[in-house]
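Structure first, commentary second.
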Amino acid sequence: HTYAVSVGFIDMAPAQGVLLCFEDMSEKEQASQMRRDFVANVSHELRTPLTALMGFIETLQGPARRDDTAIDRFLGIMQSEAARMERLVRDLLSLSRVESEERVRAADPVDLGRIIGSVLHTLRPLAKACGCEIVFDPPEGVLVPGNSDQLQQVFTNLIENAIKYGGKGNTITITLDGSAPETSLRVPAVIVWVADQGPGIDPLHIPRLTERFYRVDAHRSREMGGTGLGLAIVKHIINRHRGRLRIESTPGQGSVFTVILPRLTRDA
Ligand code: ADP
């Protein structure tokens, strides 16, 4: 059972105290509470850049109208705020697309080594800007049944996080094992480890990282262009592929994100 706890302060001298009300929440109530929280989060995330945009438009129409330096600077900020809204809308659409699917529809053979290689190619400029070294030695022909765009998104999000949160000069090691003998999936499986040597994550946060909009440090996430939806999307895609995501971290030493996926077998 989940209980909603509301806290009230009683201020009736001489008996002052705290009143705790425990309320049993049914599954239906929980679902509708989650929906309300989600809408509130989305509204908040959209309103922040919108408020900034409105403020700058007003300033450009008024006091900064003829100040070329201010115009240039404000347009730059407006562009990055608009880009933030665009990223949020893009991630919301990705999330709603993967959430609406029970299982991946067209399960094609996907070559994981090739997918990760192409993600690394796309992320090379970001890695370079962060001074990160990425180590990956792809084995050939590791196939899983799935949707290649979605699997590409999984590794983009995980590797981008390792670069963004790992800090300058971090080494990221990606290991792909195409013939894992024993995994929790109980079917022939493939394992991918994405390991960074960054600051790591406090174990307290780990169980909540895949919740929508959950961030360890909201300010840092926004600064890095994060939407707080990346790992929620990762988890949903992996679930749709009947796989598992494991997150382990040692603060001060780094984090390891493990993806386990069913391997393509002849009868798959
Ligand atoms: P965001 O858009 O904020 O990056 P994610 O859902 O991808 O959202 O990640 C949620 C949070 O998990 C991040 O805000 C960050 O605090 C933490 N996180 C994710 N990956 C790592 C990592 N490799 N090292 C440290 N923290 C991480």
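The values are calculated or read from the model by the stated rules, or taken from the named source; none is laboratory data. On a predicted model such as this, the values are computed, not experimentally measured, just so you know. All Cβ positions, even for glycine, are placed from backbone atoms using ideal geometry, and neighbour counts span all protein chains on display. Protein only, heavy atoms only, side chains kept; ligands, DNA and RNA dropped before computing areas. Shrake-Rupley method; radii C 1.70, N 1.55, O 1.52, S 1.80 Å.
Could you go through region 168-185 and let me know if any residue there is surrounded by 15 or more Cβ atoms within 10 Å (Cβ to Cβ) and at positive phi. No, the conditions are met nowhere in region 168-185.
Scan region 33-68 for residues that are in a helix (DSSP H, G or I) and among the basic types (K, R) and report the count. The number of residues fulfilling the criteria is 3. The set of residues from region 153-182 being at pLDDT below 95, within 22 Å of T250 (Cα to Cα) and more than 10 Å from the ligand (Cβ to nearest atom) comprises K168, G169. The set of residues in region 193-239 being open to solvent by 50 Å² or more (accessible area, probe 1.4 Å), part of a helix (DSSP H, G or I) and farther than 20 Å from K168 by Cα consists of P207, R208, K235, N239.
Of all residues in region 71-95, which are out of contact with any helix residue (DSSP H, G or I) (no Cβ under 8 Å at 6 or more places or on another chain), within 17 Å of V154 (Cβ to Cβ) and of a type outside the set (D, E, K, R)? The one that is out of contact with any helix residue (DSSP H, G or I) (no Cβ under 8 Å at 6 or more places or on another chain), within 17 Å of V154 (Cβ to Cβ) and of a type outside the set (D, E, K, R): L93.
Residue check: is R242 surrounded by 15 or more Cβ atoms within 10 Å (Cβ to Cβ), within 28 Å of V89 (Cα to Cα) and touching a residue at least 60 places away in the same chain (Cβ under 8 Å)? It is true that R242 is surrounded by 15 or more Cβ atoms within 10 Å (Cβ to Cβ), within 28 Å of V89 (Cα to Cα) and touching a residue at least 60 places away in the same chain (Cβ under 8 Å).
For region 166-222, name all the residues that are in contact (Cβ under 8 Å) with a residue 40 or more places away in the chain, within 25 Å of L261 (Cβ to Cβ) and of a type in the set (D, E, K, R). Passing the criteria: D196, R212.
Looking across region 240-261 at every residue that is part of a loop (DSSP other than H, G, I, E, B) and on the phi > 0 side of the Ramachandran plot, the one that is farthest from the ligand (Cβ to nearest atom) is identified as R242. Among the residues of region 71-92, just one is of a type in the set (D, E) and either more than 18 Å from F56 (Cβ to Cβ) or not in a helix (DSSP H, G or I) (or both), namely D91. Against the conditions (1) buried (at least 19 other Cβ atoms within 10 Å of the Cβ); (2) in a loop (DSSP other than H, G, I, E, B); (3) within 16 Å of the ligand (Cβ to nearest atom); (4) not polar (S, T, N, Q), L264 satisfies every one except (3). Here E86 does not qualify as open to solvent by less than 30 Å² (accessible area, probe 1.4 Å) and within 19 Å of the chain's Cα centre (by Cα).
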